[in-house]
Amino acid sequence: MKFTIFFLLVMLTGVIIYAWLQGPVIFSQAWTNSTKQLLQLAPILIIAVLFAGFTQTLLPEDFVKDWLSDASGWRGILLAWLAGIFTPIAGVLAMPLAAVLYQAGAGLAVIMTFLTSLATLSLIKVPIEVGFYGWKLTAVRFGVSLLLPLIAGALTQALVQAAQIK
C-alpha cells in the first residue's frame, strides 16, 4: 500500500507540474476538474470501504475456509463465478470487497474468478449494454464471456498449485 501511495503521489506531482507549466487557465481548469471528480467519487469510495469493513466483520471464518479458500477447488470457483454475475456493484466497489475476502482467506483462484466474472458478466450492466448495443451484440458478448471467469479461475488455481503461491 505504501508503494502505491508513493507511486500515485509521484504521478500526481508530475501532472500538477505539467498543468502548471501550461499556464494559469489550464492549471485552474485541472483543479476544477479534479475537485468535481473528487466530489463525485468520494461518496462511492466511502460506501465501498464501509461495506468492505462490515463484510469483513460479518463474514464467517468457516464459510471462507469451506467455500472460498484454495482448498474449496471448483466449488469456490463456481460460487465466485455466480457471485460475480449477480453482485450488483461496480468494479470500484468490488476492489475493497475482494481485498477483504482475500484477507479473510479466500483463495486467489476464487478472487480472480469473482473479479473476472464481475467485470465481464455482471447482470447490472446488461440493460445499459442493450441500450447501447442492442440485444444481439449484448447476447453475443455475454455468451462469449461466460467461460472467461472460469478459465481465469482454473488457470489461477493451476498457477497457485504449481508455484505454491499463498
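Values as computed for the structure displayed
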{"read-out": "Rg over Rh, two decimals, the chain (C-alpha only, Kirkwood Rh)", "value": "1.07"}
{"read-out": "FRET efficiency for Q164 and W74, using Cβ-Cβ distance with R0 set to 22 Å, rounded to 0.05", "value": "0.65"}
{"read-out": "Kyte-Doolittle at least -0.5, axis length at least 24 Å by Cα - qualifying DSSP helices, the chain", "value": "2-21, 24-58"}
{"read-out": "GNM flexibility winner over the chain from L97, L137, L147 (Cα, springs under 10 Å)", "value": "L137"}
{"read-out": "Relative contact order of the chain, pairs being alpha-carbon contacts under 8 Å that are 6 or more residues apart, as %", "value": "21 percent"}
{"read-out": "Difference of contour (0.36 nm per residue) and Cα-Cα distance, V10 to K136", "value": "40.9 nm"}
{"read-out": "Computed log₁₀ I(q)/I(0) - Debye formula, equal Cα scatterers, no solvent, segment 102-166, q 0.14, 0.16, 0.17, 0.24 Å⁻¹", "value": "-0.49, -0.59, -0.64, -0.93"}
{"read-out": "Whole-Å semi-axes of segment 1-65's equivalent ellipsoid (Cα gyration tensor)", "value": "37, 16, 5"}
{"read-out": "Segment N33-I47, extension gain: residue separation times 0.36 nm, minus the distance between their alpha carbons", "value": "2.8 nm"}
{"read-out": "Inter-label distance for V25 and T55, nm, one decimal - labels placed 7 Å from Cα along Cα-to-Cβ", "value": "4.5 nm"}
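FYI, it's all coordinate maths here, none of it is from the lab. Remember, predicted model here, so these are calculated numbers, not experimental data. Reconstructed Cβ throughout: ideal geometry from the backbone, glycine too, with neighbour counts over all protein chains shown.
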